[in-house]
Amino acid sequence: MSDDHTHVQEFFGARAADWDARFPDDGPAYAAAVAVLGLREGDRVLDAGCGTGRALPPLRAAVGPSGVVLGADVTPAMLQAAVRAGRDRDGQLLLADVAALPLRAESLDAVFGAGLISHLPDPAENLRELARVVRPGGTLALFHPIGRAALAARQGRQITPDDLRAEPNLRSLLAGSGWRMTSYADEDTRFLALAARDD
């Protein structure tokens, strides 16, 4: 396991037990972001870096009982918190790294990633792996329940021009990783970038 994974596991592992309690009002923002994905009954979707599984209930509601919902995370404590919250009823949880997913090529219709992009050790390579498992024309949603400026203020830092989530940077990164950005919103109340998998 790389140092990057160890850092991510340590960071989130130490916070898993009270993660949902720290952000109790995010549910509607997750549901709204999932709605924008345009999932249909029977679709197959992955919540990449699912954490405590907050996106799993709206993802299940979107794809219905005939759909497939997977939640993958590299931090065991986060998956354990998802189970304690009962979210494993809405999707199958996988202890897996988004850099090497145990999924067949083109086996999914969509990927949802909440707070994911800033924790990827190799964003270009990791986004290519997400593209590998999504069918051509499938969708990627990169989401955060607050925008870049609000998140930076919460963390006591400034946004810099090299911020990965700045529109030109993210558009270029996605384009080089098998995705085409289709929409971008960076507001106080949410960050949501949608991309389509290249044919």
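Computed values, structure above
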quantity	calculated
Amide H within-cut-off set for residue 47, under 5 Å, with H built and near neighbours excluded	70, 71, 72, 112
For the chain, diffusion coefficient by Stokes-Einstein and Kirkwood Rh (Cα), 37 °C, 0.692 mPa s, µm²/s	196
Residues whose placed amide H lies under 5 Å from that of residue 106, excluding near-sequence neighbours	133, 134
Of 143, 158, 29, farthest towards positive along the dipole that unit charges on Lys, Arg, Asp, Glu beta carbons give the chain	29
Karplus 3J(HN,Hα) series, Hz, for region 76-86 with 6.51 cos²θ - 1.76 cosθ + 1.60 (x for Gly, Pro)	x, 5, 5, 5, 5, 5, 4, 5, 4, 7, x
Where trypsin sites (Lys or Arg not before Pro) fall in DSSP loop in region 119-185, at most 12 other Cβ within 10 Å	157
For region 167-181, Karplus couplings with θ = phi - 60° (6.51, -1.76, 1.60), whole Hz, Gly/Pro x	3, x, 5, 5, 4, 5, 4, 5, 4, x, 10, x, 10, 10, 5
Karplus-derived HN-Hα couplings along region 118-135 (A = 6.51, B = -1.76, C = 1.60, θ = phi - 60°), whole Hz, x at Gly and Pro	6, 9, 7, x, 9, x, 4, 5, 5, 5, 5, 5, 5, 5, 4, 8, 9, 5
Estimated distance in nm for a label pair at residue 167 and residue 107, the labels positioned 7 Å out from Cα along Cα-to-Cβ	3.7
Global form of region 90-199, assessed from the alpha-carbon gyration tensor, a/c cut-off 1.5	prolate
Estimated inter-spin distance, residue 175 and residue 189, nm [label 7 Å along Cα→Cβ]	3.2
Residue 92-residue 25 FRET efficiency (beta carbon distance; Förster radius 45 Å; 0.05 resolution)	0.95
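Each reported figure results from applying straightforward, stated rules to the coordinates on display, with no laboratory input. Quick caveat: nothing in here was measured; it's all calculated off a predicted structure. Because the Cβ atoms are built from the backbone with ideal geometry, glycine has one as well, and the counts that use them run over all protein chains shown.
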